[in-house]
Amino acid sequence: MGKAWKILLISGIFIVIVGASITVSSVKKLDSIEPHWVLENETQGELIIEDLDGMGDIGFTIYVVGNFSDTNQNGKYDFCENTNVTATHSGNVAENFGEKSVSPGEKNLFYIELFDKQNDCDVIEKRTDLSEFFEQSPDGTEVIKLGRACLICQEGVTNITSNQSIWVVYDDPGLLAAQGPGFMLFIGIVTNVCGVCFFLVAIILLIVSLANKNQPEVIYQQIAPPNQLIDSSQVNIDENSQFTDPNQTIEKQHDDYILPDSNADSDSGLGGLRPPEGGL
């Protein structure tokens, strides 16, 4: 455990560095992808849908010049309600990706989409900073997203007309260009998560190691059972020691008893024996 946390800590730091490098590089590549403008400052255009995978394309994003104002106070943004766009397509259109497609005929395939959701030009009072919804076109014009056209259109030609000048972006080439950096961004995030996990496990092992190191050492000593006999041959007693061998003590006490004297008093109750001088 002493070396394990060090190995995990170094590995975790290395993995996080690699993951962070991949993440930063991927984000820079994603930010560098430019919109694929196919129409600029025009009121009409015929745009080609390629649909390389046969599943239907994302379609087109349409921008106009304007600002987020409501001069007539009717709850609708002026630039939105004053612009009329029509989009028709010569090919088929599917309800959902991968599903059966049908011919749209003369159906208008344009829909308003402000703030990344479909609505009817409604003013959103809670929003104060709307600068993120402006886009800079290649000719230097600052435009606002109005809506989208031809969602899930398959191969064919899209005809877009408007009563105001519009700028149009073909979304699919940009999405295709973002697939590689997007996948690498995912790899970078996963790598960072793995590195953080290694780092956390290393910290836990370090704490456990320090806790075990600070605990007092416990020494276990085997104690002989109380009824176990002592082998006198294993007892080393110094001559000057105050301790004596219990077997020798018993023998000495036995020798201190002397045979009875024939003239001794037999009424002493000792059975003809007398204790040594000094008593027991």
On the basis of being modelled with pLDDT of 90 or more, surrounded by 11 or more Cβ atoms within 10 Å (Cβ to Cβ) and assigned to a loop (DSSP other than H, G, I, E, B), does Asn67 make the cut? no
Residue check: is Val16 surrounded by 14 or more Cβ atoms within 10 Å (Cβ to Cβ), in contact (Cβ under 8 Å) with a residue 40 or more places away in the chain and in contact with a Pro (Cβ under 9 Å, 6 or more places away or on another chain)? no
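This table checks each residue for (1) more than 30 Å from Thr23 (Cα to Cα); (2) modelled with pLDDT of 55 or more.
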| residue | (1), (2) |
| --- | --- |
| Ala177 | no, yes |
| Gly182 | no, yes |
| Gly188 | no, yes |
| Ala202 | no, yes |
| Leu206 | no, yes |
| Lys213 | yes, yes |
| Gln222 | yes, yes |
| Asn227 | yes, yes |
| Gln242 | yes, no |
Answer with yes or no whether Ile112 is hydrophobic (A, V, I, L, M, F, W, C) and assigned to a loop (DSSP other than H, G, I, E, B). no
Where a residue in region 83-109 is over 30 Å from Asp70 (Cα atoms) and its partner, wherever it lies, is basic (Lys, Arg) and in a loop (DSSP other than H, G, I, E, B), with Cβ under 7 Å and at least six apart: Ala94/Lys100
Within region 71-85, restricting attention to residues that are part of a loop (DSSP other than H, G, I, E, B) and β-branched (Val, Ile, Thr), which residue is nearest to Cys150 (Cα to Cα)? Thr83
I need a count of the residues in region 176-201 that are over 9 Å from the mean Cα position of the chain (by Cα) and over 14 Å from Ser11 (Cβ atoms). 13
Exception for Phe79 within (1) in contact (Cβ under 8 Å) with a residue 60 or more places away in the chain; (2) surrounded by fewer than 17 Cβ atoms within 10 Å (Cβ to Cβ) falls at (2)
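Conditions tested, residue by residue: (1) modelled with pLDDT of 90 or more; (2) on the phi < 0 side of the Ramachandran plot; (3) in a strand (DSSP E or B); (4) surrounded by fewer than 14 Cβ atoms within 10 Å (Cβ to Cβ).
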| site | (1), (2), (3), (4) |
| --- | --- |
| Gly2 | no, yes, no, yes |
| Trp5 | no, yes, no, no |
| Thr23 | yes, yes, no, no |
| Pro35 | no, yes, no, no |
| Asn41 | yes, no, yes, yes |
| Ile48 | yes, yes, yes, yes |
| Leu52 | no, yes, no, yes |
| Ile62 | yes, yes, yes, no |
| Ala87 | yes, yes, yes, no |
The residue that is surrounded by the most Cβ atoms within 10 Å (Cβ to Cβ), considering only those in region 90-113 that are within 13 Å of Ile152 (Cβ to Cβ) and aromatic (Phe, Trp, Tyr), is Tyr111
Here are some conditions: (1) part of a strand (DSSP E or B); (2) more than 40 Å from the chain's Cα centre (by Cα). Gly105 meets all but one. Which one does it not meet? (1)
Note: among Asp31, Asp139, Asp116, just one is at pLDDT below 90, surrounded by fewer than 17 Cβ atoms within 10 Å (Cβ to Cβ) and farther than 30 Å from Met184 by Cα, namely Asp139
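The values are calculated or read from the model by the stated rules, or taken from the named source; none is laboratory data. The shown structure was predicted, so the numbers you read here are calculated from the model rather than taken from an experiment. All Cβ positions, glycine included, derive from the backbone under ideal geometry; neighbour counts span all protein chains shown.
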